[in-house]
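Following: one structure in structure tokens, then a few remarks.
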Amino acid sequence: MSERSFHRSIGVFSGTAINMTQMCGIGPFITIPLMVAAMGGPQAIVGWIVGALLAMADGLVWAELGAAMPGSGGTYVYLRRAFQKSSGKLMPFLFIWTMLLAIPLLMSTGIIGMVEYLQFFFPNMGWWTTHIVGVIATALVTWMLYRRIESVRVITIALWVIMLVSIIGVAAAGFSHFDPHLAFDFAPDAFGPRFFVGLGAGLIIGVYDYLGYNTTAYIGDELRDPGRTMPRSIIISISAMMVVYLLLNISVLGVAPWQEIATSKSVASLVVERSWGHAAAAIMTTLIIITALASVFTGLLGGSRVPFEAARDKVFLSTFGRLHKNGFPHIALLTMGVVTAIGTFFDLTEVINMLLTATILVQSIAQVVALIVLRRREPGMPRPYRQWLYPVPCIIALVGWVYVYVSASTLSLLLSGAWILAGLVVFALWARVNAAWPFAPIETDRVATGES
């Protein structure tokens, strides 16, 4: 056993809880209005269902790759194994490069949501005030992480409990004063030609809310019986969260007209206040604000380790492999903290668009290709879990990701595309300095080939 080995202690139940905690956070409390607005009414429930189908198809890709290569790193490990023989370290390098953008932008959504819910207490916050508060909150979280942290178990458990209380509380408030005429107030043309235009934008929101179903793939070294735990934790967490999102969405729509829901900045506060009064809404709003900050804390903590590990494996810029004297990757943490702060100046919908478009090409689509490549090139690879109905889930995932990508906003496509192009330039410079492909013959390593 190497010194970098972990204790395999996480089973199906705890793995599912980890996935669900990362999937939810503040997500639905800030995206229900966006989904309703994008879909143009209560038909927003279709967005959650289609989002779950895409997440499930993609989850089965993660399940096979993760069960076959249950190490820490997730996509980073799979892309090295699948593509290193043809393009050296390009694909894993680009993946880490996009994570420097996508992970902080994901954290930006948490900060933006926190500020929106703060406006329940401070309704007169202006543009400058909201953005200054967002930057201060990001700096506070980064400062809290700027020290040795041995364990986040307590924070993770607390986040999970607060998340459950918040979801159950909001859903209970909605159903306690539920009006089916409001919840199912479909327009005559709700499912007409414009429905499919709205579905593209709604699917982007839906996929964002399901992000996190792959968390166990990044801690594969700590899973007990990965071939069983990995696929089950992914499948159960997606199915469970689909039910949660549907119930939450329906309960919210049953309290106020969907037009009002679509423009709300703190929809959970609105629902609880309408049902149980201002004091209950204040308590619920406080819990959601805590959830937002805690999710950003744990997200930056884990995210900062991704470029650090890649740099230590000599697959990314060496500066990110530096440790602070107190034993944490401070360069990666500070970089992601700065990008998170910058992201808070953008519109929430635009941030969600950017973080998805940045990862779809280099992660989501690349992993589908990686699974197919490895099936053909390494048919004898041990696969404790083989994708059900292969290649159908791969095809569904591929088509779904392409549809989401082309449905994204023009600004997000331009900015994420520019980021990937910049990554190609940086990779070329890095490869030249380090005498790597394409400036030297490809060198395969044990991580990429699976040799022991």
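When the dipole is taken about the Cα centre of the range 6-137, and only Lys, Arg (+1) and Asp, Glu (-1) are charged at their Cβ, what size is it in debye, to the nearest 20?
Value, rounded to 20: 520 debye.
With all protein chains present, how much of the accessible area of the range 85-217 (probe radius 1.4 Å) comes from carbon and sulfur, to the nearest whole percent? Don't skip to the end; give the middle numbers.
Values: 4420 of 6180 Å².
Of the solvent-accessible surface of the range 85-217, carbon and sulfur hold 72 percent.
Could you check the simple spin-label distance between E443 and V338, using points 7 Å along Cα→Cβ, in nm with one decimal?
3.0 nm
With every protein chain present, what accessible area does L140 have (1.4 Å probe, heavy atoms only), rounded to the nearest 10 Å²?
Accessible area, nearest 10 Å²: 80 Å².
When the Kirkwood radius is taken over all Cα pairs of the range 297-452, what Stokes-Einstein diffusion coefficient follows at 25 °C and 0.890 mPa s, in µm²/s?
My calculation gives 133 µm²/s for D.
With helices defined as uninterrupted DSSP H runs, which ones in the chain have an alpha carbon span along their own long axis of at least 30 Å and mean Kyte-Doolittle hydropathy of at least 1.0? Could the numbers behind the result be given before it?
Values: long enough: 44-68 (36 Å, 1.64); 90-118 (42 Å, 1.79); 153-176 (34 Å, 2.10); 226-253 (40 Å, 1.30); 278-303 (37 Å, 1.73); 410-433 (35 Å, 1.85).
Those that pass (Cα extent of 30 Å or more, hydropathy at least 1.0) are 44-68, 90-118, 153-176, 226-253, 278-303, 410-433.
Determine the gain in length on full extension of the stretch F186-E378; use 0.36 nm per residue of separation and subtract their C-alpha separation, reporting nm with one decimal.
64.0 nm
Quick one: grab Rg to one decimal and Dmax as a whole number for the chain, Cα atoms only, in Å.
According to the Cα coordinates of the chain, Rg and Dmax are 21.6, 68 Å.
Using a 1.4 Å probe over the heavy atoms of the protein chains, calculate the carbon and sulfur portion of the accessible area of the range 276-408 as a whole percent.
69 percent
Just how much of F195 is accessible, in Å², when a 1.4 Å probe is used and the result is rounded to the nearest 10?
Accessible surface of F195 is approximately 20 Å².
Using alpha-carbon positions, what is the distance between the centroids of the range 225-302 and the range 128-142, in Å?
Centre-to-centre distance over Cα atoms comes out at 22 Å.
Leaving ligands, DNA and RNA out of it, work out the accessible area of F191 with a 1.4 Å probe and give it in Å² to the nearest 10.
About 110 Å², ignoring ligands and nucleic acids.
Among M99, M114, L293, which residue has its Cα positioned farthest towards the positive end of the charge dipole of the chain, with +1 placed on the Cβ of Lys and Arg, -1 on the Cβ of Asp and Glu, and the dipole taken about the Cα centre?
Among M99, M114, L293, the one farthest towards the positive end of the dipole of the chain is M99.
For the range 302-349, with only Lys/Arg (+1) and Asp/Glu (-1) charged at the beta-carbon, what is the dipole magnitude about the Cα centre, in debye rounded to 20?
280 debye
Tell me the per residue accessible area of the chain using a 1.4 Å probe; a whole number in Å² is fine.
42 Å²
Just subtract the alpha-carbon distance of W127 and V399 from 0.36 nm times their residue separation and send over the number in nm, one decimal.
Roughly 94.0 nm would be gained on extension.
The values are calculated or read from the model by the stated rules, or taken from the named source; none is laboratory data. Everything numeric here is computed off the predicted structure, so don't read it as measured data. Backbone-built Cβ (ideal geometry, glycine too); neighbour counts: all protein chains shown. The accessibility values were calculated without ligands, DNA or RNA, using every heavy atom of the protein model including side chains. Shrake-Rupley method; radii C 1.70, N 1.55, O 1.52, S 1.80 Å.
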